[in-house]
1. Along the stretch 54-69, what does the Karplus equation 6.51 cos²θ - 1.76 cosθ + 1.60 (θ = phi - 60°) give for ³J(HN,Hα), rounded to whole Hz, x for Gly and Pro?
2. Which lysines have a Cα less than 19 Å from the Cα of Lys11, not counting those fewer than 8 places away in the same chain?
3. Calculate for the chain the 222 nm mean residue ellipticity that helices alone would give, adding -39,500 (n - 2.57) per DSSP H run of length 4 or more and normalising by residue count, nearest 500 deg cm²/dmol.
4. In the chain, with Lys and Arg counted as +1 and Asp and Glu as -1 at Cβ, which of these residues, Leu105, Ser139, Gly124, has the Cα nearest the positive end of the dipole, that is, farthest along it?
5. For the stretch 57-101, what does the alpha-carbon gyration tensor say about shape, rounded, prolate or oblate, given a ≥ b ≥ c as the root eigenvalues, a/c under 1.5 as rounded, and a/b over b/c as prolate?
6. Can you tell me the orientation of helix 83-97 relative to the chain, as the angle in degrees between its alpha-carbon axis and the longest Cα principal axis, to the nearest 10?
7. I need the shape label for the stretch 70-147. Rule: rounded when a/c is under 1.5, else prolate if a/b > b/c, else oblate, with a, b, c from the alpha carbon gyration tensor.
8. Let me know the charge dipole size of the stretch 1-44 about its Cα centre in debye, to the nearest 20, where only the beta-carbon of Lys, Arg (+1) and Asp, Glu (-1) is charged.
Amino acid sequence: MDELRKKGLKKMNEVYSWEMPNIEGDPYFDLTVDHLFGTIWTRPGLSMRDKRLMTLAIVTALGEQGLAEVQVNAALANGELSEEELKEMAIFLTHYVGFPRGSGLNGVVGKVAAKRRKAAEAGGGEDKKANVNAAVKMSTGKTLDDE
């Protein structure tokens, strides 16, 4: 594995609080890990929280609730934003992106926060493999366990 791939995987796992393995032979994965995380997310000048806020605003504006769910979970897992801050973000964004998209983010925040509370009450942490599989399935249509 080259240095850019190592740097990209390290940053991707930091950004999402995941344990994403290296996936060989997938050009989309290569682009995501090497460029987006190895080059863009590692740039100085903005904090991870700043980048998360911008990313959440964009995916909300696009109506991408699946991506919003990934970002909300990561923001909570990394302690970058609280549930209350995320709900305020939904209220604020509603006035710029419209009620359906703002309420979509609000619903995602409630869903993710409830799921995280339930896992904590059961004495377990979040299922990082399930999070990785959901993200991989979102972009490839299959999970890491599929052959």
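The values are calculated or read from the model by the stated rules, or taken from the named source; none is laboratory data. All of these numbers come straight from a predicted model, not from anything done at the bench. Positions of Cβ are generated from backbone atoms using ideal geometry, with glycine treated the same way; all protein chains shown enter the neighbour counts. Just so you know, the surface numbers come from the protein's heavy atoms only, side chains and all, with ligands and any DNA or RNA stripped out. Shrake-Rupley method; radii C 1.70, N 1.55, O 1.52, S 1.80 Å.
1. 5, 5, 4, 4, 5, 5, 5, 4, 7, x, 8, 5, x, 5, 4, 4
2. Lys51, Lys128, Lys129
3. On the way: 7 runs with 96 residues, N = 147.
So the calculated ellipticity at 222 nm is -21000 deg cm²/dmol.
4. Positive-end residue among those listed: Leu105.
5. Details: a/c = 2.86, a/b = 1.43, b/c = 2.00.
It comes out oblate by the Cα gyration axes.
6. The answer is roughly 80 degrees.
7. Values: a/c = 2.66, a/b = 1.40, b/c = 1.90.
Oblate, since a/c reaches 1.5 and b/c is not below a/b.
8. Working: 6 positive and 8 negative charges, 52 e Å.
Computed about the Cα centre, the dipole is about 260 debye.
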